[in-house]
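Peer 1: Sharing a structure below in structure tokens format, with a few things to ask.
The values are calculated or read from the model by the stated rules, or taken from the named source; none is laboratory data. Owing to the predicted nature of the structure, the values given are computational and were not obtained by experimental measurement. Cβ sites come from the backbone with ideal geometry, for glycine too, and all protein chains shown count toward neighbours. The accessibility values were calculated without ligands, DNA or RNA, using every heavy atom of the protein model including side chains. Shrake-Rupley method; radii C 1.70, N 1.55, O 1.52, S 1.80 Å.
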Amino acid sequence: MAQNPQQVLAVLERLGISSDERQVHIDLCAAELVERALQRCEGRLSSTGSLVIETGEYTGRSPKSRFIVDTPDVHDRIAWGGVNRPIDRAFYETLRDDVCAYLSGRDLHVMRGIAGADRRHARAFLVVAERASQALFARQMLVRPHAGDLDHFDQPDFTVLAVPDFDCDPERHGTGMNAGVLINFEERVIIVAGTAYSGEIKKSIFSVMNYLLPVEDGCLSMHCSANRDPHTRQTAVFFGLSGTGKTTLSAVDGRQLIGDDEHGWSEECVFNIEGGCYAKCIDLTPESEPLIFRAIRFGSVTENVVLDEDTRIADYTDASVTENTRVAYPVGHIEGAKLDGVGQPPSVVVFLTADAFGVLPPIARLTPEAAMYHFLTGFTAKVAGTEQGIVEPVPTFSALFGEPFMPLDPLEYARLLQQRITATGARVYLVNTGWTGGAYGTGHRISLPYTRALVHAALVGSIDEAGYRHDERFNMDVPVACEDVPAELLNPRLGWPSGAEYDAAADKLARMFEENFAKRYPNAEEAIREAGPRPLA
């Protein structure tokens with residue numbers, strides 16, 4: 001039992017959760033949580049010692065079940081709409097009371113964790129989980145508190161109630177479905193009910209920090225990974241939507257991983273919001289991603305990965321449950337990671353996109369105005385077969401490369417990024433990890449070794465040595481050469497069957513950029529608007 005359990009019991013009592021001290025398991029170590037998860041038949045161990053669980057009906061986030069409680073303190077600050085959906089306080093209070101009654105008298109697993117490795121901008125989160133496996137997830141994903149941090153948990157900044165076995169009543173609770181993820185900034189409570197997908201816990205905490213850091217601390221919060229050169233101590237951040245390579249390109253030999261997904265950028269430093277990583281497992285191999293492959297060991301939590309029944313060896317190519325197989329592990333499972341989660345302000349910013357149209361260059365340097373344009377645009381593309389009805393590449397514009405988790409107007413985050421880039425002189429690059437030589441289905445995915453070579457050259461600055469050509473259509477500067485990368489790859493038009501086909505496809509995408517930006521940001525500064533793509537025909 002953790003020191004001073006009465007502190008935690010008092011928090012539960014204030015919420016309306018009545019529990020005997022013997023039923024509340026506080027801050028259990030990873031081994032104890034694994035043992036309890038196995039005893040409760042929540043999962044199995046893989047051949048490498050990872051706890052493998054199945055999340056049931058929900059194998060990914062459910063955006064339609066996510067709400068922010070519309071309270072006076074945040075009403076005028078939240079960017080309400082299809083992403084940040086409001087829910088009436090009465091619905092929240094009904095769900096909160098029902099969840100707390102449900103949890104009363106049950107075995108509970110409580111974890112005290114920190115969001116924000118830089119304690120100047122940290123928040124204390126108390127996670128109350130009915131499943132030991134979700135408590136283990138919270139333990140590995142949050143920053144582990146120091147002894148002094150625990151003094152602040154008599155009044156945690158936020159409390160998370162994780163109740164996957166509680167089904168919401170769509171009408172009674174206003175959720176419209178049996179799952180509900182509700183954030184209440186006034187009461188400082190998050191409810192994650194009816195879903196066992198632990199990513200909902202992670203992303204709801206991230207959404208909270210994406211409000212608190214800019215509003216209360218003046219910090220830029222970012223959906224990005226970060227690493228640093230251990231010799232020069234120079235830091236880089238990598239923005240990108242799921243599937244663009246954010247985790248893959250940041251967890252590499254020779255650089256120290258700071259974090260793989262969520263960071264803050266203050267005037268003093270860049271810092272990990274988390275203490276762990278939540279990596280995709282699909283098609284994982286020791287050759288393609290050796291650091292991540294070796295991180296899947298005892299203490300990690302693997303979701304929806306299929307095991308061989310006899311050997312318990314994971315088959316990372318098996319997507320029969322979902323393409324979105326995941327593993328959560330502490331940052332320390334990555335060899336050479338920077339365990340304090342803090343680095344100096346970034347000298348390089350990388351925007352990652354997976355262009356399924358096959359027309360963007362594999363790397364380009366952006367002006368400060370173009371950086372703002374692409375940050376606000378957040379482009380990547382879905383490909384045929386990923387969703388029902390998609391038969392050709394479909395553009396996805398997600399502001400800030402993470403709009404589903406950003407409660408404020410995108411322009412607020414963009415202005416903070418502009419301030420940080422201006423203050424540090426950081427170089428900004430757009431990196432295409434998608435297709436070349438044609439669109440998805442006819443072209444081919446850009447080779448990961450080539451992408452790694454381009455990113456490395458950008459990080460150390462050698463990519464500038466050969467000079468640049470200006471791409472008039474996409475309005476960006478493309479290097480003319482890079483060591484270990486074929487010159488023809490740097491000009492995607494040369495790889496297409498014909499120049500005319502490339503021009504038609506490229507103009508089509510450029511028009512999509514124009515239409516999206518005009519619709520989303522009609523009042524954006526002219527310099528930013530003019531920095532974006534423009535069709536030539």
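Peer 1: Quick one: in segment 320-373, which of the residues that are of a type in the set (Lys, Arg) and more than 17 Å from the chain's Cα centre (by Cα) is surrounded by the fewest Cβ atoms within 10 Å (Cβ to Cβ)?
Peer 2: Per the stated criteria, the residue is ARG365.
Peer 1: Does GLY495 satisfy the condition of being on the phi > 0 side of the Ramachandran plot and at pLDDT 95 or above?
Peer 2: Considered against the rule, which asks whether it is on the phi > 0 side of the Ramachandran plot and at pLDDT 95 or above, GLY495 comes out as no.
Peer 1: Within segment 502-537, count every residue that is under 20 Å from ALA439 (Cβ atoms), touching a residue at least 60 places away in the same chain (Cβ under 8 Å) and of a type outside the set (Gly, Ala, Ser).
Peer 2: 9
Peer 1: In this structure, is ASP169 in contact with a helix residue (DSSP H, G or I) (Cβ under 9 Å, 6 or more places away or on another chain), at negative phi and modelled with pLDDT under 95?
Peer 2: no
Peer 1: Here's a check for you: in segment 415-438, which residue that is among the aliphatic types (A, V, I, L, M) and open to solvent by 20 Å² or more (accessible area, probe 1.4 Å) is farthest from SER347 (Cα to Cα)?
Peer 2: Checked segment 415-438; the qualifying residue farthest from SER347 (Cα to Cα) is LEU416.
Peer 1: Further question: In segment 398-408, is there at least one residue being at pLDDT 95 or above, surrounded by fewer than 18 Cβ atoms within 10 Å (Cβ to Cβ) and among the small types (Gly, Ala, Ser)?
Peer 2: No - not one qualifying residue is present in segment 398-408.
Peer 1: If you don't mind, another one. For segment 27-86, enumerate the residues that are crowded, with 20+ Cβ neighbours inside 10 Å, among the hydroxyl-bearing types (Ser, Thr, Tyr) and over 22 Å from the mean Cα position of the chain (by Cα).
Peer 2: The answer is SER46, and nothing else.
Peer 1: Select, from PHE137, PHE166, PHE206, PHE153, the only residue that is part of a loop (DSSP other than H, G, I, E, B) and of a type in the set (Phe, Trp, Tyr).
Peer 2: Working: PHE137 fails: part of a loop (DSSP other than H, G, I, E, B); PHE206 fails: part of a loop (DSSP other than H, G, I, E, B); PHE153 fails: part of a loop (DSSP other than H, G, I, E, B).
Just a single option satisfies the conditions, and that option is PHE166.
Peer 1: Let me ask another. So GLY174 ticks every box in (1) surrounded by fewer than 21 Cβ atoms within 10 Å (Cβ to Cβ); (2) under 17 Å from the mean Cα position of the chain (by Cα) but one. Which box is left unticked?
Peer 2: Going through (1) surrounded by fewer than 21 Cβ atoms within 10 Å (Cβ to Cβ); (2) under 17 Å from the mean Cα position of the chain (by Cα) one by one, GLY174 breaks only (2).
Peer 1: Filter segment 496-506 down to the residues that are surrounded by fewer than 17 Cβ atoms within 10 Å (Cβ to Cβ) and in a helix (DSSP H, G or I) and list them by number.
Peer 2: Kept after step one, since they are surrounded by fewer than 17 Cβ atoms within 10 Å (Cβ to Cβ), are these residues of segment 496-506: 497-501, 504.
Across segment 496-506, the qualifying residues are GLY499, ALA500, GLU501, ALA504.
Peer 1: Here's something else I'd like to know. Can you confirm whether THR442 is surrounded by fewer than 19 Cβ atoms within 10 Å (Cβ to Cβ), hydroxyl-bearing (Ser, Thr, Tyr) and not in a helix (DSSP H, G or I)?
Peer 2: yes
Peer 1: Further question: Mind listing whichever residues of segment 244-284 are buried (at least 22 other Cβ atoms within 10 Å of the Cβ), small (Gly, Ala, Ser) and either closer than 21 Å to GLY218 by Cα or under 11 Å from the mean Cα position of the chain (by Cα) (or both)?
Peer 2: GLY259, GLY264, ALA279 - these are the residues of segment 244-284 that are buried (at least 22 other Cβ atoms within 10 Å of the Cβ), small (Gly, Ala, Ser) and either closer than 21 Å to GLY218 by Cα or under 11 Å from the mean Cα position of the chain (by Cα) (or both).
Peer 1: Scan (1) part of a loop (DSSP other than H, G, I, E, B); (2) free of Cβ contacts under 8 Å to residues at least 40 places away in the same chain; (3) among the small types (Gly, Ala, Ser); (4) under 15 Å from PRO362 (Cα atoms) for the single condition ALA453 breaks and write down its number.
Peer 2: (1)
Peer 1: Find all pairs meeting these conditions: Cβ atoms under 9 angstrom apart; at least six residues apart or on different chains; first residue within segment 204-230 and within 12 Å of HIS121 (Cα to Cα) and open to solvent by 10 Å² or more (accessible area, probe 1.4 Å); second residue part of a strand (DSSP E or B) and at pLDDT 95 or above.
Peer 2: From segment 204-230, the pairs are PRO214/LEU220; PRO214/SER221; ASP217/GLY264.
Peer 1: Does at least one position in segment 184-200 carry a residue that is more than 13 Å from ILE273 (Cβ to Cβ) and assigned to a helix (DSSP H, G or I)?
Peer 2: Just the residues of segment 184-200 that are more than 13 Å from ILE273 (Cβ to Cβ), to begin with: 184-200.
Going one step further and asking which of them are assigned to a helix (DSSP H, G or I), we end up with 199-200.
Yes, segment 184-200 contains a residue that is more than 13 Å from ILE273 (Cβ to Cβ) and assigned to a helix (DSSP H, G or I).
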